[in-house]
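The values are calculated or read from the model by the stated rules, or taken from the named source; none is laboratory data. As the structure is a computational prediction, the values presented were derived from the model and not from experiment. Positions of Cβ are backbone-derived with ideal geometry, glycine not excepted, and every protein chain shown enters the neighbour counts. Note: accessible area is taken over every heavy atom of the protein model, side chains too, but ligands, DNA and RNA are not part of it. Shrake-Rupley method; radii C 1.70, N 1.55, O 1.52, S 1.80 Å.
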Amino acid sequence: WYTSGSLRKKRVAKMVFNNIVVAYDGSDHAVDAVMKARDFALADPEVRIHVVFVTTHPNAQLPASFNNSSFDPEQYLLSVEDVMDLYNRTIAEESEKVKAGLGVAIEGVEDQVTIDVIPGYTPADDIIEFAKEIEADLIVMGSRGLGAIRGVIGSVSYAVLRESTIPILVIK
């Protein structure tokens, strides 16, 4: 509230963050991050939340060494249709897993949430690139994920903190 002359007027606060990316990997910390973004969305119906899950890129599933004498390249010759089918099936399956994993974390804001499954190689870089593409105002992440522990903060969270130009909120 503020006073202007003899009239009292109510100041309406607008949410600074309207386009939020939440990095999700299925961990408890990631669910906590979604819950924090949900709080923003409950406070402002204009807030949009993009829950992003980085899945293994189909190319990364190929054998690491093509020089191995037991490697049979014929088994990896796929048509474009086969690759697209694999890609679409992977995205659909992972999207359903993410949706199931979120459970009540998005309750009440379902119409403000999109689930974005993206194939990638390095989750930190992929999360940052995705956030830039959708012009995110904020990235919300759990402090640790399902990967290896790097001290107090997870390696992906640490890398995003180090590299992103977009504000980041890390949820412990």
- Going by the conditions given, is His29 within 16 Å of Ala131 (Cβ to Cβ) and either in contact (Cβ under 8 Å) with a residue 24 or more places away in the chain or assigned to a helix (DSSP H, G or I) (or both)? no
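Restricting the search to segment 30-54, which residues are open to solvent by 10 Å² or more (accessible area, probe 1.4 Å) and within 23 Å of Pro119 (Cβ to Cβ)?
Looking only at segment 30-54, we keep the residues that are open to solvent by 10 Å² or more (accessible area, probe 1.4 Å), and these are 31-32, 35-36, 38-40, 42-46, 48, 50, 53-54.
Val31, Arg48, His50, Phe53, Val54, listed by residue number.
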- Taking segment 61-90 and keeping only residues that are touching a Pro at 6+ places or on another chain (Cβ under 8 Å) and at pLDDT below 60, one is left with Phe66, Phe71
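Here is a yes/no grid of residues against (1) modelled with pLDDT of 55 or more; (2) in contact with a Gly (Cβ under 6 Å, 6 or more places away or on another chain); (3) more than 24 Å from Ser164 (Cα to Cα):
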{"position": "Tyr2", "(1), (2), (3)": "no, no, yes"}
{"position": "Gly5", "(1), (2), (3)": "no, no, yes"}
{"position": "Val12", "(1), (2), (3)": "no, no, yes"}
{"position": "Met15", "(1), (2), (3)": "yes, no, no"}
{"position": "Asn18", "(1), (2), (3)": "yes, no, no"}
{"position": "His29", "(1), (2), (3)": "yes, yes, no"}
{"position": "Asp39", "(1), (2), (3)": "yes, no, no"}
{"position": "Pro45", "(1), (2), (3)": "yes, no, yes"}
{"position": "Asn59", "(1), (2), (3)": "yes, no, yes"}
- Message: Being of a type outside the set (Asp, Glu), part of a helix (DSSP H, G or I) and loosely packed, with under 11 Cβ neighbours inside 10 Å is the filter here; which residues of segment 76-91 pass it?
- Response: Val80, Asn88, Arg89
